[in-house]
Amino acid sequence: MSGLRTTQQQAAMVSHNLANATTAGYVRRDLDLTAVNTAGRGAGVQVDAVARKVDELLIRDARFETSRYSGQEARASALADYALVLGQPQDEKSVSTQLSKLQQAFARLHDMPNDDAARSAVVSQATALASGLNRAAEAAQTVQQDARDRLATSVDSVNSSLQRISDLNGKIATLETRGGDAGDLRDQRDRLLDQVSQEIGIRTYSREDGQVVVMTRNGQTLLDHPLAPGEQPLSLLGDEVMANGVALSAKPDSEIQSGRIMGYVQTIKQDMPRAMAQLDEMAAGIVQAFQGAEADPTQPGLFTDAGAAYGTTAGLASRIAVNDAVRTESWRVQSGVQAAAPLKPGDQTQIDRFQAVFTATRSFAATDMPASATLGSYATAMVSAQQGYRTGAESEMNARKISADTLESARINRDGVNIDDEMQKLQLIEQSYGASAQVVQVAGRMIDILLQIKG
């Protein structure tokens, strides 16, 4: 009879496994069985516990690699969005191409200094260059703001998941204290921990009562007690991600390490500020160079800082504009923007000064950019660098994905449900049940025969 009861429980457990074979995060269950002995004699079999055996080290490694992948994916996506607007060095829309076209327009004007079409072409191309810088700066700001919005969503997701994990902690502890099976609740909790790890790098450990403690990779506690409704282990203070009063984003490489939050923080605090600083340096070089080519280098030249002379580099790529004076009087690109009257027909003096802007070497102070270069060389280096950041991030993302997929597959193969194995086990359970049933039937017939003999 104990064999029949046990095989019934085994059959039910196998059926439960098969029913959840495609359920994400489900861990295969087994029954731990032991033989029962009474006074040294066999007395059947009993179920000691429902076993949910997982490899905690494998789970830890799989979560970490998946976390690293999701973080790199977030960063690569942001860099790709910005690089798409900036373009390749040879693209028609890139600022390096626009600068080269302005140089060519001045060369044509040098050959035809009195040609109205050549003058208008210079003004048109100067406007296109300024617009290209404005557009690139706007793209960088848009990507940065989008990362801020996604960061807020990610922080909210972590807090929501930790609230649910806290609730499951209490249910698991209560149920297991009463001797119940909390396997399904543990599966739910593991799925939530997987979600949290995609947002931020975490470490976990389990207490004796079955509750789990959640920390950041560097040891900042996110969950170690029941959370009150509305309690937020993570919070945002401006662009800073806070936990326990510590700004995790101040040292993201050590405090956060991985997850989408890491990718968003890198975009907000590193990638886009670097891109904007590079653009601003280029805009400053253009404004100052053309301003210096005028008779009075302290007054606005062909390019202005929002209509005025050069003021400050920060944010200049968003403010750079073509001097309104040349829009209505195109002769100024041949005679000088500050000129009181047009030069004599055929006079190329000022055009020569404008052309010298493109060949002069200037100093720059942007990260990863040459310290001194011509405007054209700097523009090409800037566009190439941004494309390099993008391709580098995408290459690392692809490498992380391979590693994450490999570990996740190993985790599923070890802890998930193999339908073939479960069906084979079901056949053995069926045979065991039939054997136990046969014993009961034989015993029943023996008793019937004995009763008949007695009668």
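Tell me, please, whether a residue that is open to solvent by less than 30 Å² (accessible area, probe 1.4 Å), under 38 Å from the mean Cα position of the chain (by Cα) and not aromatic (Phe, Trp, Tyr) can be found in region 99-106.
We begin by selecting, within region 99-106, every residue open to solvent by less than 30 Å² (accessible area, probe 1.4 Å); these are 99, 102, 105-106.
After this cut, where a residue has to be under 38 Å from the mean Cα position of the chain (by Cα) as well, the list is 99.
Retained after the next criterion (residues that are not aromatic (Phe, Trp, Tyr)): 99.
Within region 99-106 (the criterion being open to solvent by less than 30 Å² (accessible area, probe 1.4 Å), under 38 Å from the mean Cα position of the chain (by Cα) and not aromatic (Phe, Trp, Tyr)), the answer is yes, since at least one residue qualifies.
Which residues, counting only those in region 319-335, are of a type outside the set (Gly, Ala, Ser), part of a helix (DSSP H, G or I) and either open to solvent by less than 30 Å² (accessible area, probe 1.4 Å) or under 12 Å from PHE303 (Cβ atoms) (or both)? Reasoning before the result, please.
Filtering region 319-335 down to residues of a type outside the set (Gly, Ala, Ser) leaves 319-320, 322-324, 326-329, 331-334.
If we keep only those that are part of a helix (DSSP H, G or I) as well, we get 319, 324, 326-328, 332-334.
Across region 319-335, the qualifying residues are ARG319, ASP324, VAL326, VAL333, GLN334.
What number of residues within region 224-254 satisfy the criterion of being under 17 Å from the mean Cα position of the chain (by Cα) and hydroxyl-bearing (Ser, Thr, Tyr)?
Here the count works out to 2.
Could you list, in sequence order, the residues of region 1-34 that are under 14 Å from SER436 (Cβ atoms) and either in contact with a His (Cβ under 9 Å, 6 or more places away or on another chain) or open to solvent by less than 80 Å² (accessible area, probe 1.4 Å) (or both)?
So the first thing to find is which residues in region 1-34 are under 14 Å from SER436 (Cβ atoms), and the list is 1-11, 33.
Result: SER2, GLY3, LEU4, THR6, THR7, GLN10, ALA11, LEU33.
Out of region 203-237, which residues are within 21 Å of TYR69 (Cα to Cα), in a strand (DSSP E or B) and open to solvent by 20 Å² or more (accessible area, probe 1.4 Å)?
If the condition is that a residue be within 21 Å of TYR69 (Cα to Cα), in a strand (DSSP E or B) and open to solvent by 20 Å² or more (accessible area, probe 1.4 Å), then ARG203, THR204, MET215 are the ones that fit.
Take the residues in region 39-60 that are in a strand (DSSP E or B), farther than 30 Å from GLY201 by Cα and open to solvent by less than 80 Å² (accessible area, probe 1.4 Å), then tell me which one is modelled with the lowest pLDDT. Working first, answer last.
Keep residues of region 39-60 that are in a strand (DSSP E or B), which gives 41-51.
When the remaining residues are screened for being farther than 30 Å from GLY201 by Cα, the result is 41-50.
Subsequent filtering for residues that are open to solvent by less than 80 Å² (accessible area, probe 1.4 Å) retains 42-45, 47, 49-50.
Numbers: GLY42: 77, ALA43: 77, GLY44: 83, VAL45: 83, VAL47: 77, ALA49: 73, VAL50: 77.
Taking the candidates together, the pick is ALA49.
Taking SER131 as the residue in question, decide whether it is surrounded by 15 or more Cβ atoms within 10 Å (Cβ to Cβ) and without any contact (Cβ under 8 Å) to a residue 12 or more places away in the chain.
Working: surrounded by 15 or more Cβ atoms within 10 Å (Cβ to Cβ): yes; without any contact (Cβ under 8 Å) to a residue 12 or more places away in the chain: yes.
Spelling it out, SER131 is indeed surrounded by 15 or more Cβ atoms within 10 Å (Cβ to Cβ) and without any contact (Cβ under 8 Å) to a residue 12 or more places away in the chain.
Here is a list: ALA366, ALA360, ALA373, ALA379. Which entry is touching a Leu at 6+ places or on another chain (Cβ under 6 Å) and of a type in the set (A, V, I, L, M)?
Details: ALA366 fails: touching a Leu at 6+ places or on another chain (Cβ under 6 Å); ALA360 fails: touching a Leu at 6+ places or on another chain (Cβ under 6 Å); ALA373 fails: touching a Leu at 6+ places or on another chain (Cβ under 6 Å).
It is ALA379.
Which one is most open to solvent (accessible area, probe 1.4 Å), of the residues in region 297-307 that are under 40 Å from the mean Cα position of the chain (by Cα) and among the hydrophobic types (A, V, I, L, M, F, W, C)? It would help to see each step written out before you state the result.
First, the residues of region 297-307 that are under 40 Å from the mean Cα position of the chain (by Cα): 303-307.
Next, only the ones that are among the hydrophobic types (A, V, I, L, M, F, W, C) stay: 303, 306.
Values: PHE303: 0, ALA306: 72 Å².
Per the stated criteria, the residue is ALA306.
Any idea which of (1) within 30 Å of ARG390 (Cβ to Cβ); (2) open to solvent by 60 Å² or more (accessible area, probe 1.4 Å) is the one GLU240 doesn't satisfy?
The failed condition is (2).
How many of the residues making up region 277-296 are aliphatic (A, V, I, L, M), open to solvent by 40 Å² or more (accessible area, probe 1.4 Å) and modelled with pLDDT of 95 or more? Can you show your working first?
Taking region 277-296 and keeping what is aliphatic (A, V, I, L, M), we get 277, 279, 282-284, 286-287, 289, 293, 295.
The next check asks that each one be open to solvent by 40 Å² or more (accessible area, probe 1.4 Å); those that pass are 277, 295.
Among the residues that remain, those that are also modelled with pLDDT of 95 or more are: 277.
Residues meeting the conditions: 1.
For the condition open to solvent by 70 Å² or more (accessible area, probe 1.4 Å), of a type in the set (Gly, Ala, Ser) and either modelled with pLDDT of 95 or more or under 24 Å from ILE286 (Cα atoms) (or both), what is the one hit in ALA385, ALA340, ALA381?
ALA340
Has region 112-123 got any residue that is touching a Lys or Arg at 6+ places or on another chain (Cβ under 6 Å) and assigned to a helix (DSSP H, G or I)? Outline the logic, then answer.
Quick first cut of region 112-123, residues touching a Lys or Arg at 6+ places or on another chain (Cβ under 6 Å) only: 118.
Those still in the list that are assigned to a helix (DSSP H, G or I) too: 118.
Yes.
At pLDDT 95 or above, assigned to a helix (DSSP H, G or I), closer than 28 Å to GLN90 by Cβ and in contact with a helix residue (DSSP H, G or I) (Cβ under 8 Å, 6 or more places away or on another chain) - does that describe any residue in region 361-373?
Checked against the condition, which is being at pLDDT 95 or above, assigned to a helix (DSSP H, G or I), closer than 28 Å to GLN90 by Cβ and in contact with a helix residue (DSSP H, G or I) (Cβ under 8 Å, 6 or more places away or on another chain), region 361-373 yields no hits at all.
Does ILE261 satisfy being open to solvent by less than 10 Å² (accessible area, probe 1.4 Å), touching a residue at least 60 places away in the same chain (Cβ under 8 Å) and touching an Asp or Glu at 6+ places or on another chain (Cβ under 8 Å)? Before the answer, list the steps.
On the way: open to solvent by less than 10 Å² (accessible area, probe 1.4 Å): yes; touching a residue at least 60 places away in the same chain (Cβ under 8 Å): yes; touching an Asp or Glu at 6+ places or on another chain (Cβ under 8 Å): yes.
Yes: the conditions hold for ILE261.
The values are calculated or read from the model by the stated rules, or taken from the named source; none is laboratory data. Model, not experiment: these values are computed from the prediction. Ideal geometry is used to build each Cβ from the backbone, glycine not excepted, and the neighbour counts take in all protein chains shown. These area figures cover heavy atoms from the full protein model, side chains too; ligands, DNA and RNA do not enter into them. Shrake-Rupley method; radii C 1.70, N 1.55, O 1.52, S 1.80 Å.
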